[in-house]
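Since the structure comes first, as structure tokens, the remarks are kept for the end.
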Amino acid sequence: MRALRPTVDTKFHIDLNWWQRQNKDIRVFLQDILCEECRAGLDLNHEQTVDMIDPDTAEVQRVDAMWEAIRACCSLKPGYITIDTPLLESIFRVFLANGNKPLSVRELHERLNKKPAETMLRLLTKGRVYLGIRPV
């Protein structure tokens with residue numbers, strides 16, 4: 001049986017296992033995304049966790065403080081994603097801002113409106129995985 005080819009309605013996310021398999025620390029990458037206030041307020045050398053309340057379910061979860069800072073603070077500031085932010089990084093930042101909840105390419109296109117959804121799909125599926133962004 002052949003695997004189904006992803007479409008603009010296929011859900012994607014940041015695959016944290018990909019980062020581990022590549023022997024890369026996503027937290028190093030995340031540090032560059034933090035706003036000045038969050039960078040100053042977090043201990044970047046040690047992983048910290050905080051309580052996060054899911055806005056949809058009201059469920060309380062323990063999450064990485066750096067991820068939560070990006071989601072709840074940095075992503076809300078002007079300049080988090082600009083016209084000059086490369087497309088793949090923009091997509092990555094959308095996933096950070098939404099708590100890495102799966103989104104389709106169509107949904108990513110609606111949020112970014114940078115390129116046609118089909119162009120984004122080709123970029124995400126042309127063979128190489130970028131920043132761990134993969135189909136769910």
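The values are calculated or read from the model by the stated rules, or taken from the named source; none is laboratory data. Being a predicted model, the structure only gives us computed values, none of them experimental. Don't worry about glycine lacking a Cβ; one is built from the backbone with ideal geometry, like all the others, and counts go over all protein chains shown.
Annotations
- When Tyr80 is tested against (1) touching a Phe, Trp or Tyr at 6+ places or on another chain (Cβ under 9 Å); (2) surrounded by 13 or more Cβ atoms within 10 Å (Cβ to Cβ); (3) of a type outside the set (Val, Ile, Thr), exactly one condition is not met: (1).
- For region 105-119, a residue qualifies if it is crowded, with 17+ Cβ neighbours inside 10 Å and either free of Cβ contacts under 8 Å to residues at least 40 places away in the same chain or among the aromatic types (Phe, Trp, Tyr) (or both), and the qualifying residues are Glu107, Leu112.
- Qualifying residue in region 94-103 (condition: among the charged types (D, E, K, R) and touching a helix residue (DSSP H, G or I) at 6+ places or on another chain (Cβ under 6 Å)): no
- Elements of type helices (runs of 4 or more DSSP H) in region 36-136, at least 1 residues being at pLDDT 95 or above, within 18 Å of Ile14 (Cα to Cα) and β-branched (Val, Ile, Thr): 65-72, 87-97, 105-112
- When residues of region 17-73 are limited to those that are β-branched (Val, Ile, Thr) and either within 17 Å of Ser90 (Cα to Cα) or in contact with a Phe, Trp or Tyr (Cβ under 7 Å, 6 or more places away or on another chain) (or both), the one surrounded by the most Cβ atoms within 10 Å (Cβ to Cβ): Ile70
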